Amino acid sequence: MTAQAIARSSGPAAERDPGATRQRRRIEVRGVVQGVGFRPFVWRLARRLALDGFVCNTSGGVVIEAQGDAGALDALVTALGDQAPPLARVNAVSVASIPTRADDGFRIKASLAVDGEYQPVSPDAATCADCLGELFDQDDHRYRYPFINCTNCGPRFTIIEDIPYDRALTTMRRFTMCARCQSEYEDPRDRRFHAQPNACAGCGPRLWLADLDGIELAGDGLKRAAEQLLRGGVVAVKGLGGFQLACDATSETAVARLRERKHRPAKPFAVMVADLEAARDLCAVSDREAELLSGAIRPVVLLRGHPQGCPLLARGVAPGLGELGLMLPCTPLHHLLMREAGTPLVMSSGNLSEEPIARTNDEALSRLRGIADCFLLHDRDIHARYDDSVVRIAGDTLQTVRRARGLCPTPTPVDVVSPPVLALGGHLKNTFCVLKDGQAFVGPHIGDLDHPLTRRHQGEALDTYLRLFRAHPRVVACDLHPDYASTAIAQTWWDAGAEEVRVQHHHAHVASVMAEHGLRGRLLGVAFDGIGHGPDGTIWGGEFLLCDERESERIGHLAPVRQPGGDRCAREGWRMAVAYLRAAGDSADEPTPAMREAGGLPDSRTWRLCSRVTASASAAPLSTSAGRLFDAVASLLGVAHISTFEAEAAMRLEALAVRGGAGVAPIDVAMSGTPLCLDTPALVAELCAQRNAGRPAEAIAAAFHESLALAIARACRRLGDEQGVTRVALSGGVFQNALLLRRAVELLRDRGLDAYTNRDVPANDGGISLGQALVAGARGRVMRRCMGAG
Ligand code: ZN
Ligand code: ZN
Ligand code: FE
């Protein structure tokens with residue numbers, strides 16, 4: 001590409017001191033600096049400082065050559081970090097002196113592609129205040145235009161096909177800008193200068209409502225979609241990263257209809273509300289949560305409902321749970337739709353149960369046909385598929401539950417020197433991670449790899465990452481589990497010559513925390529989750545590990561208990577109740593009285609069969625899973641015997657415990673042996689005895705959480721003393737339980753231990769690709785050194 005001048009300042013903006021010596025410097029800026037208004041920002045700065053030269057994008061970042069007084073040049077460099085535009089993230093600025101040359105004025109030059117170079121791309125950003133003002137200004141020429149955007153907001157990563165980030169390499173290239181849009185695009189003083197998705201109703205994408213056959217319906221699509229919603233219908237909405245399914249969140253019948261059609265009986269739905277005030281009507285919103293809700297990322301934020309419940313919403317939105325997922329509109333389309341509908345809307349991902357969300361219009365029309373009543377479509381293609389992200393504040397820390405739109409592809413700095421690494425994650429909640437030049441790019445939430453469509457989605461997303469970040473992985477990591485689909489994908493890379501690294505599931509969980517916090521060397525890892533492949537062939541999931549970034553050793557665990565029926569136990573929690581009763585010495589001939597308080601118990605024949613199976617080593621593998629412990633307790637307390645979605649029983653148990661209140665007396669969990677074994681069956685037996693003695697279920701649920709948190713802290717203190725370590729990293733899906741996490745961290749700190757948790761990546765299996773990448777990078781380095789020495 002030729003570097004031709006595309007903008008030129010008209011004459012010097014400030015007076016020059018003719019006596020001062022002029023210098024010229026070449027400045028390279030790295031980080032998220034493209035598609036965020038960085039060049040016009042530099043242009044304005046340079047003009048203000050009376051500097052000559054130019055700024056341009058390259059595929060490696062932004063390059064500036066500036067000439068002028070030394071003081072002005074210093075001021076420019078300082079301001080690059082201090083005053084950068086809101087969406088920019090400056091990671092590094094390098095400055096070199098170069099010979100001066102004849103130059104007049106400061107220019108913005110066209111992008112330069114540099115072979116093999118890459119640079120972080122900005123995630124998509126929510127509509128900014130300026131654009132929102134225009135959107136609802138009757139006199140503005142973009143009044144009610146659903147695709148309004150500017151340099152500070154709009155689609156980014158979802159529309160980019162390659163870098164550098166220029167319109168021609170995005171899905172906007174098919175729209176030719178009108179004269180007015182073009183002049184905004186070319187004017188460095190305009191806030192749409194080089195806004196690649198810039199458009200207006202005259203030249204840009206358009207929105208329409210289509211019926212089930214894809215035929216456009218006459219009239220104002222937004223208004224008609226809102227009418228459909230208010231009549232209780234389900235509308236498929238083409239959002240930023242894919243389709244969403246919307247319905248009236250205040251209508252019990254509409255919500256029930258969506259549940260039935262999606263085959264999703266109980267998993268909570270996220271709800272979109274128009275603004276913060278509407279959010280506060282539904283939930284308690286702290287300042288930090290308000291910031292998250294209304295910031296540029298716009299994730300679903302999990303919030304505590306008001307204690308008196310939430311009469312405004314249909315009960316079917318989040319049945320039986322203490323939390324509600326709320327989000328504010330993230331695109332102009334959503335702002336318009338919310339305004340037309342005038343009511344909170346369920347915004348569920350546009351898919352059938354565990355499939356990936358629909359991305360193209362055709363895909364939506366065929367795959368969502370049985371779910372939606374009509375389709376709100378547009379003709380701006382989505383290149384990269386992204387679900388909505390989900391976060392919460394637990395205690396004083398941010399927890400990412402699902403990392404996707406708005407959060408990806410922001411990299412996590414990981415200080416490890418290695419060739420490019422690809423880590424392929426787990427099997428459920430799959431993500432991948434590309435580690436290159438000390439930056440870990442964790443890909444978007446992919447989903448469960450059981451489904452062929454999901455595996456295809458994984459392949460497409462990975463291709464995009466490898467292309468955009470110019471990565472050619474030489475080390476490829478996966479889980480120890482031989483049957484994960486991600487392991488099969490890794491095999492294809494190894495067959496092609498990549499170095500093979502397998503990382504134990506729970507080590508990867510702990511390593512994800514190490515990567516996020518820059519922790520190196522020995523520490524204690526507590527990995528509590530549903531299931532993971534243990535090197536001894538049993539099921540792990542309640543582990544205390546002594547590990548570093550390379551290796552891990554199991555030094556403690558929950559008592560192994562049989563899982564009658566194997567994987568079925570995750571769905572049928574009552575099976576674990578049987579197993580725990582038997583492990584505690586009970587004959588478990590029939591359900592306890594408390595268990596009869598909840599529906600979903602099997603008939604007595606099935607129960608007895610399960611009880612008998614529990615003695616069989618082949619049909620009931622041994623398991624230390626903490627997730628299954630929660631299932632057992634939920635069942636024994638009569639909270640839930642069945643989970644229709646992952647961790648449903650545990651989430652209900654947590655909600656009950658929160659109602660039970662703080663300050664309950666914990667039960668001491670006995671621990672002994674090497675590795676240290678925590679006697680959780682005895683804990684369960686004691687909880688049952690208290691329940692049978694008439695102690696309320698809320699209080700027992702609270703006591704269970706407190707007892708487990710205390711057991712974690714006591715075990716860590718003891719193991720930490722033995723091993724001479726004071727740092728503890730907590731990870732695994734069970735730590736998405738905000739109550740358990742908060743209390744475990746508090747009790748660890750009370751005992752003088754430093755506790756670390758996941759923030760930017762999920763504690764669930766969505767985070768393990770980051771941990772695998774760290775281990776692979778670190779371990780590979782040692783192996784290479786040994787090989788070099790040998
Ligand atoms: Zn804007
Ligand atoms: Zn236009
Ligand atoms: Fe896990």
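The values are calculated or read from the model by the stated rules, or taken from the named source; none is laboratory data. Fair warning: this is a prediction, and the values are worked out from it, not measured in the lab. Cβ sites come from the backbone with ideal geometry, for glycine too, and all protein chains shown count toward neighbours.
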Self-check item: Hey, Pro155 within 16 Å of ligand 1 (Cβ to nearest atom), in contact (Cβ under 8 Å) with a residue 12 or more places away in the chain and under 24 Å from the mean Cα position of the chain (by Cα) or not
Solution: yes
Quiz prompt | Residue check for Arg742: touching a strand residue (DSSP E or B) at 6+ places or on another chain (Cβ under 8 Å), in contact (Cβ under 8 Å) with a residue 24 or more places away in the chain and among the charged types (D, E, K, R) | solution = yes
Quiz prompt | Residue identified as at pLDDT below 90 and either within 12 Å of ligand 1 (Cβ to nearest atom) or aromatic (Phe, Trp, Tyr) (or both) among Pro86, Pro123 | solution = Pro86
Practice problem: Tell me which residues, restricted to region 354-385, are among the acidic types (Asp, Glu), assigned to a loop (DSSP other than H, G, I, E, B) and modelled with pLDDT of 95 or more. | Solution: Asp373, Asp379, Asp381
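Let's see how each residue does on (1) more than 19 Å from Ala50 (Cα to Cα); (2) crowded, with 22+ Cβ neighbours inside 10 Å; (3) within 16 Å of ligand 3 (Cβ to nearest atom):
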site: Asp69; (1), (2), (3): no, no, no
site: Val93; (1), (2), (3): yes, no, no
site: Ala96; (1), (2), (3): yes, no, no
site: Thr100; (1), (2), (3): no, no, no
site: Ala125; (1), (2), (3): yes, yes, no
Quiz item: Does region 394-406 include one or more residues that are hydroxyl-bearing (Ser, Thr, Tyr), more than 16 Å from Ala270 (Cβ to Cβ) and at pLDDT below 95?
Solution: yes
Self-check item: Unique match (being surrounded by fewer than 23 Cβ atoms within 10 Å (Cβ to Cβ) and within 20 Å of Ala341 (Cα to Cα)) among Asp213, Asp190, Asp220
Solution: Asp220
Quiz item: Does Ser769 satisfy the criteria of being part of a helix (DSSP H, G or I), closer than 26 Å to Ala440 by Cα and either free of Cβ contacts under 8 Å to residues at least 60 places away in the same chain or in contact with a Phe, Trp or Tyr (Cβ under 6 Å, 6 or more places away or on another chain) (or both)?
Solution: yes
Quiz prompt | Candidates Ser618, Ser672 - the one that is free of Cβ contacts under 8 Å to residues at least 24 places away in the same chain and within 30 Å of Gly521 (Cα to Cα) | solution = Ser672
Exercise. Would you be able to say whether some residue in region 464-475 is modelled with pLDDT under 95, in contact with a His (Cβ under 8 Å, 6 or more places away or on another chain), closer than 29 Å to Ala744 by Cβ and of a type outside the set (A, V, I, L, M, F, W, C)?
Key: no
Quiz prompt | Pair list, Cβ < 7 Å and 6+ apart or interchain, from region 121-134 residues that are in a strand (DSSP E or B) to residues that are among the small types (Gly, Ala, Ser) and buried (at least 23 other Cβ atoms within 10 Å of the Cβ) | solution = Ala125/Gly154
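Residue-by-condition table, conditions (1) among the β-branched types (Val, Ile, Thr); (2) in contact with a helix residue (DSSP H, G or I) (Cβ under 9 Å, 6 or more places away or on another chain); (3) closer than 22 Å to Pro621 by Cβ; (4) surrounded by 24 or more Cβ atoms within 10 Å (Cβ to Cβ):
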position	(1), (2), (3), (4)
Val475	yes, yes, no, yes
Ala511	no, yes, no, yes
His517	no, no, no, no
Leu524	no, yes, no, yes
Gly534	no, yes, yes, no
Quiz item: Within region 318-327, is even one residue surrounded by fewer than 18 Cβ atoms within 10 Å (Cβ to Cβ) and in contact with a strand residue (DSSP E or B) (Cβ under 9 Å, 6 or more places away or on another chain)?
Solution: no
Quiz item: of a type in the set (Lys, Arg), farther than 23 Å from Gly720 by Cβ and more than 16 Å from ligand 2 (Cβ to nearest atom), is that true of Arg522?
Solution: no
Quiz item: Limited to region 193-232, what total is found for residues that are at pLDDT 95 or above and closer than 15 Å to Phe147 by Cα?
Solution: 14
Quiz prompt | Candidates Gly661, Gly724, filtered to the one that is modelled with pLDDT under 95 and either touching a strand residue (DSSP E or B) at 6+ places or on another chain (Cβ under 6 Å) or surrounded by fewer than 21 Cβ atoms within 10 Å (Cβ to Cβ) (or both) | solution = Gly661
Quiz item: Is it the case that some residue within region 129-151 is aliphatic (A, V, I, L, M), touching a Cys at 6+ places or on another chain (Cβ under 8 Å) and within 16 Å of ligand 2 (Cβ to nearest atom)?
Solution: yes
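For every residue, the table says whether it meets (1) buried (at least 23 other Cβ atoms within 10 Å of the Cβ); (2) touching a Gly at 6+ places or on another chain (Cβ under 9 Å); (3) closer than 27 Å to Asp721 by Cα.
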{"position": "Glu499", "(1), (2), (3)": "no, yes, no"}
{"position": "Gln504", "(1), (2), (3)": "yes, yes, yes"}
{"position": "Met514", "(1), (2), (3)": "yes, yes, yes"}
{"position": "Glu543", "(1), (2), (3)": "yes, yes, yes"}
{"position": "Glu551", "(1), (2), (3)": "no, no, yes"}
{"position": "His557", "(1), (2), (3)": "yes, yes, yes"}
Practice problem: Please determine, by comparing only the residues of region 639-658 that are part of a loop (DSSP other than H, G, I, E, B) and in contact with a helix residue (DSSP H, G or I) (Cβ under 6 Å, 6 or more places away or on another chain), which one is surrounded by the most Cβ atoms within 10 Å (Cβ to Cβ). | Solution: Val639
Quiz item: With respect to Arg264, is the statement that it is basic (Lys, Arg), under 16 Å from Met327 (Cα atoms) and touching a residue at least 40 places away in the same chain (Cβ under 8 Å) true?
Solution: no
Quiz item: Hey, among the residues in region 127-136 that are under 26 Å from the mean Cα position of the chain (by Cα) and crowded, with 19+ Cβ neighbours inside 10 Å, which one's nearest to Asp388 (Cα to Cα)?
Solution: Thr127
Quiz item: Would region 454-470 turn up any residue that is under 18 Å from Val300 (Cα atoms) and either crowded, with 23+ Cβ neighbours inside 10 Å or more than 19 Å from the chain's Cα centre (by Cα) (or both)?
Solution: no
Self-check item: Those strands (runs of 3 or more DSSP E) lying entirely in region 18-76 with at least 3 residues in contact with a Leu (Cβ under 8 Å, 6 or more places away or on another chain), within 23 Å of Tyr185 (Cα to Cα) and in contact (Cβ under 8 Å) with a residue 24 or more places away in the chain
Solution: 52-58
Quiz item: Within the set of pairs 6 or more residues apart or between chains, which connect a residue that is free of Cβ contacts under 8 Å to residues at least 60 places away in the same chain and within 16 Å of ligand 3 (Cβ to nearest atom) inside region 179-202 to a residue that is hydrophobic (A, V, I, L, M, F, W, C) and part of a loop (DSSP other than H, G, I, E, B) with Cβ atoms less than 8 Å apart?
Solution: none
